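Read-outs throughout are calculated quantities, based only on the coordinates presented, and are distinct from any laboratory measurement. Remember, it's a predicted structure, so these values are computed and weren't measured experimentally. For neighbour counting, all protein chains shown are included, and Cβ atoms are generated from backbone atoms with ideal geometry for every residue, glycine included.
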Amino acid sequence: MRQPLPESRAGSTEMWRQWLEKRLAQQRGDGLWRERLTMSPSPSARLRDFASNDYLGLAGDPRLAEAQARAARQYGIGSRASHLVNGHYDIHDRLEARLAELTGRPRALLFSTGYMANLGVLQALCDSSTRIFQDRYNHASLLDGAALSGARSRRFHHSALEDLALLLSRAPQDSLKLVASDGVFSMDGDRANIDGLTALCQRYEAALMIDDAHGLGVLGKNGDGCVGQRYSTQEVPILVGTLGKALGTAGAFVAGESLLIDTLIQFARPYLYTTAQPPGITAATLTALDILHDEPERRERLHHHIAYFRHHGDELGLPLMNSDTPIQPLLLGDVERVIRWSDILRSQGFMIGAIREPTVPHGMARLRIALSASHTRDDIDALLDTLGELIKRERS
Ligand SMILES: *Cc1c(COP(=O)(O)O)cnc(C)c1O
């Protein structure tokens, strides 16, 4: 028979309950409560999706689903083990080789998610004697990776190279230094000044890490991203790309020279201690890379949409930000305004991310509009019309 819990154990449960309830109440009180939306594959009414990172419209492409199903039948649904036990298949090798080729790097290594790739790189390369410098607006996974590594991490003001230079100049000369930046900033849509970053990193002998989650597939001549073939492995020795955005699948990779990849295979805990990517996802990603190569018109359509949206958005007086990427946020400022706009847009059939603190700084809440090659000109016109109405209503 089960023994009743001793008094002290029951007491500790009560302490936990109070602690968690207090934090949730605080979150609600601060207006920061987060709700999940439950999507379904066949929404009854057509919802215009301006919230996804599916920039090329590949996530719903039947050719990817077919490739996934075929590989799943051949290999099994799961990979059965981690890469270093027996979960690493020939199809993983093939995708790694293709990703290395696309980005002009000697090698690439697959990770299960972009979050884990960033944790893995920083944890494997850095320890308490390392100095990490990162852009204040970097993705949370880079901030968390720095914490996991135990390195001393400093954040420089967003894209402020003079601030970074000052921090680098103050670090001990003989210390190992790593500078990390998003290539395209996920909540702002602007790009890092990679020329400036490579110059500073050379001057201070720091390694440069660029997370190109939002550039890969979208920017560059062949969709090779904002680093890709444009910067050598020496200039940008650590390149991270994700597969769940423009490529429409899931997972991520790190690309660079063998020394980097071998280090990650030996030491990156988020690589070692997780199940290898399901082979079907790997196969679907290979198909996505084929489409990226064979259908440049998707990228062209997306860039036309971006230019068109910005041109007409500017005419309407929308609070556009400095972005030439598919991420076109409207900086509305306070949370209530963002929620009001977002609710109205939702009722008109538009799905748009309402972004607020702590994801962005206080007072800089925004609607994060994400454009995609799968949008039609009609979709964008309809969005512009509704946004124009909202602006007009506020002014009157
Ligand atoms: C989305 C994103 C990630 C995380 O990638 P996942 O594969 O979704 O875990 C990392 N970095 C940046 C800049 C991102 O936008």
Inset, instruction - For F267 and Q348, compute 0.36 nm times the residue count separating them, minus their Cα-Cα distance, and round to one decimal in nm. - result: 24.2 nm
Inset, instruction - Would you please put 30-37, 68-75, 301-308, 177-184 in order of how densely packed they are, using the mean number of other Cβ atoms within 10 angstrom per residue and starting with the highest? - result: 177-184, 301-308, 68-75, 30-37
Inset, instruction - Taking 7 Å along the Cα-to-C-beta vector as the label spot, tell me the H362-T274 distance in nanometres, rounded to one decimal. - result: 3.3
Legend entry - Net length gained if the chain between D174 and S258 were fully extended (0.36 nm per residue, minus Cα distance): 27.8 nm
Legend entry - Per-residue [θ]222 nm for the chain (sum of -39500 (n - 2.57) over DSSP H runs n ≥ 4, rounded to 500): -14000 deg cm²/dmol
Inset, instruction - Hey, for a label at S82 modelled as a point 7 Å past Cα toward Cβ, could you say which residues of segment 250-267 have their backbone N under 12 Å away? - result: 265-267
Inset, instruction - Order the peptides 131-137, 213-219, 162-168, 114-120 from the highest to the lowest mean number of other Cβ atoms within 10 Å of their residues. - result: 213-219, 114-120, 131-137, 162-168
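Please give the FRET efficiency for D385 paired with K22, using the beta carbon to beta carbon distance and R0 = 51 Å, rounded to the nearest 0.05.
The computed FRET efficiency comes out at 0.70.
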Inset, instruction - Any lysines with Cα under 25 Å of the K221 Cα? List them, leaving off those in the same chain fewer than 8 positions away. - result: K245
Inset, instruction - Would you mind calculating the relative contact order of segment 1-160 from Cα pairs under 8 angstrom and at least 6 residues apart, reporting the percent as a whole number? - result: 12
Legend entry - Listed peptides 290-297, 333-340, 13-20 by packing density, highest first (mean Cβ within 10 Å): 333-340, 290-297, 13-20
Legend entry - q = 0.06, 0.07, 0.12, 0.13 Å⁻¹, the chain: log10 I(q)/I(0) [Debye, one scatterer per Cα]: -0.27, -0.37, -1.03, -1.18
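Provide the gained length on full extension for the span M15 to E300, in nm with one decimal, where the gain is 0.36 nm per separating residue minus the Cα-Cα distance. Each step should come with its number before you reach the end.
Values: separation 285, 0.36 × 285 = 102.60 nm, distance 5.72 nm.
Stretched out fully, the M15 to E300 stretch lengthens by 96.9 nm.
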